[in-house]
1. Against the condition without any contact (Cβ under 8 Å) to a residue 12 or more places away in the chain and either over 27 Å from residue 189 (Cα atoms) or in a helix (DSSP H, G or I) (or both), how does residue 119 come out, does it pass?
2. Being at pLDDT below 95 and among the β-branched types (Val, Ile, Thr) narrows it down to one residue among 78, 47, 33; which is it?
3. Among the numbered criteria (1) free of Cβ contacts under 8 Å to residues at least 24 places away in the same chain; (2) outside any loop (DSSP other than H, G, I, E, B), which single criterion is violated by residue 139?
4. Regarding residue 63, is this residue of a type in the set (Val, Ile, Thr), under 22 Å from residue 311 (Cβ atoms) and buried (at least 19 other Cβ atoms within 10 Å of the Cβ)?
5. I'm trying to understand the selection: among the residues of segment 161-185, which are in a loop (DSSP other than H, G, I, E, B) and open to solvent by less than 70 Å² (accessible area, probe 1.4 Å)?
6. Tell me the strands (runs of 3 or more DSSP E) entirely within segment 1-111 that contain at least 1 residues that are in contact with a Gly (Cβ under 6 Å, 6 or more places away or on another chain) and of a type outside the set (Phe, Trp, Tyr).
7. With the requirement that a residue be within 20 Å of residue 76 (Cβ to Cβ), of a type in the set (A, V, I, L, M, F, W, C) and free of Cβ contacts under 8 Å to residues at least 60 places away in the same chain, what does segment 8-50 give you?
8. Counting only residues that are under 23 Å from residue 85 (Cα atoms) and of a type in the set (Val, Ile, Thr), which one in segment 9-59 is surrounded by the fewest Cβ atoms within 10 Å (Cβ to Cβ)?
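The values are calculated or read from the model by the stated rules, or taken from the named source; none is laboratory data. Because the structure is predicted, anything quoted here is derived from the model rather than measured. A quick note on method: Cβ atoms are made from the backbone with ideal geometry, for glycine too, and the neighbour counts reach across all protein chains shown. In case anyone asks, the SASA skips ligands and DNA or RNA and just uses the protein heavy atoms, side chains included. Shrake-Rupley method; radii C 1.70, N 1.55, O 1.52, S 1.80 Å.
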Amino acid sequence: MNQVILVGDLGYGDAGKGSIVDFLVRELQAGVVVRYNGGAQAAHNVVDPSGAHHAFSQFGSGTLVPGVRTHLSRFMLVDPFSMFHEEQHLQKLGITDAFSRMTIDREALVVTPYHQALNRLREIARGNERHGSCGMGIGETMSDYVAHGSQVLFIGDLREPAQMKRKLQFLRELKLAALQTIRHKLPDTESVRRELRILEDSSLMDFIVDRYCQFARQVNIVEPAFLGRLLAQDTVIGEGAQGILLDEWYGFHPYTTWSTTTFRNADTLLQEQQYDGRIVRVGALRVYATRHGPGPFVTEDMALTAALPDLHNRTNPWQLTMRIGYFDAVAARYA
């Protein structure tokens, strides 16, 4: 039976989407996982039957299963540097063909080091008013796309070095101009100096161009219609990122993501390809609530946070503490 199973998170993220995708791929012998939102900020933890662990960021969470492919739709924001790093970890687990099993829609946006650096500097400048950003440049990339459209960098541009460099120069100038509005709020720390060097060192441009050209040679960049051929398979798994309570339209601003975390992107992709098979939507929830980073969390409990540590979601410099609370039926119903 021709079917698409869409997996989303009915909380603030970290509900176990990766494990569910891995399970469905194995149980239903699905051949491809389609990522329909998010980017390198995702961390979908999977531990396979042998005990091997990987936190999936941009590769589909079925990649530990031999032969299963990943397709990054145009709604993904792709960070080539992060993907190189992720692929290296997969190599250590014995997955030597991850890039050859990857296809990327040429219309997917590229998150550059310039986006990431300014994202982190903005979050540092907010001080105690942080939004809970993952520090991966997602918001910066989306805001540039909204404001400047085709002038920003797309995956398809990585095949054209001259055009790629021209767009990178444009983006760097944008970020340097925006930096001037927050510079007076930045402390003099090594983390700030590190991000400033990325923006201010003009010699970094050639290194970025070289790595992006290498990336374009290693992955298969495809036209939007390619998705239609993937959907002809018996079972396709659609993998979402983050949680619906963080959605850019339905979450609780400003503690939201610049991403549509509902099933709307997936529905759009299926409609564009005139898909007429069976569609199943799976909403993931833990039996207790979690939130990684600041923002409203009405059932949070310090005792539960201490009693239920999450080994795969530790405190980090950007989201800070992983917070735990009781199951929230009101929030789950809203999601």
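1. On the way: without any contact (Cβ under 8 Å) to a residue 12 or more places away in the chain: no; either over 27 Å from residue 189 (Cα atoms) or in a helix (DSSP H, G or I) (or both): yes.
No: the conditions fail for residue 119.
2. 47
3. (1)
4. Details: of a type in the set (Val, Ile, Thr): yes; under 22 Å from residue 311 (Cβ atoms): yes; buried (at least 19 other Cβ atoms within 10 Å of the Cβ): yes.
Criteria met by residue 63.
5. Filtering segment 161-185 for residues in a loop (DSSP other than H, G, I, E, B) gives 180-182.
Scanning segment 161-185 gives a single hit, 182.
6. Those strands (runs of 3 or more DSSP E) span 3-9, 32-35, 44-47, 69-72.
7. Across segment 8-50, the qualifying residue is only 46.
8. 47
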